[in-house]
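Each remark here refers to the structure printed beneath this line.
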């Protein structure tokens with residue numbers, strides 16, 4: 001894959017509450033820039049048909065996410081890490097990975113209005129996420145700002161302009 005003028009692969013690190021639209025944005029972006037989409041919920045289902053969300057399960061999921069992202073970057077591909085990543089602690093391993101791999105880092109905070117998220121979580125959803133309104137409410141106070149510059153994408157608006165911006169930041 002060609003990664004533009006820089007010749008560098010990039011790590012796109014998504015952060016957002018359940019129902020904010022991370023996976024929808026990641027799927028579109030992966031197609032737009034030919035990137036590997038690494039979804040934590042999908043990886044969790046690979047290992048646990050019925051997820052328990054235990055500390056050991058979480059550790060296994062995120063170690064796998066990191067390992068797969070590293071392999072993509074080493075192969076010269078862009079990688080999109082699609083997980084809630086709400087706190088500095090959650091994101092630390094991926095920030096270190098981008099630095100170690102000398103990859104372009106594009107941090108993206110995915111948001112949507114509360115009413116939109118609640119409506120999304122109240123209806124049947126495609127994909128692997130098992131998030132409910134109760135889970136959203138438990139996590140609503142956890143988001144911390146990125147310690148690096150970040151793009152904010154409000155998925156209640158058309159995604160095209162945000163996809164174009166992130167693609168430009170990837171130097172595609």
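Values in this text are rule-based calculations from the coordinates and carry no lab data. All figures in this text were calculated on a predicted structure; none of them were measured in a lab. Here Cβ is always computed from backbone atoms with ideal geometry, including for glycine, and neighbour counts include all displayed protein chains.
Numbers below:
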item	result
Taking the C-alpha atoms of the range 73-119, convex hull volume expressed per residue in Å³	88
Cβ-based exposure ranking for 93, 77, in which fewest neighbours within 10 Å come first	93, 77
Cα centroid of the range 95-172 to Cα centroid of the range 24-69, whole Å	14
Within the range 10-169, percent of DSSP bridges classed antiparallel, to nearest 5	0
Kirkwood hydrodynamic radius of the range 1-105, from inverse mean 1/r over distinct Cα pairs, in Å	14.0
Cα pair distances in the range 10-169, grouped into 5 Å bins until the bin that holds the longest one, percent each	2, 9, 19, 23, 23, 15, 7, 2, 0
Ascending count of other beta-carbon atoms within 10 Å, so fewest first, for 66, 164, 57	164, 57, 66
Neighbour-count order for 163, 17, fewest beta carbons within 10 angstrom listed first	163, 17
Residue-averaged [θ]222 nm for the chain, counting only DSSP H segments that reach four residues, each worth -39500 (n - 2.57)	-14000 deg cm²/dmol
Relative contact order, percent, the chain [alpha-carbon distance under 8 Å, six or more residues apart]	39
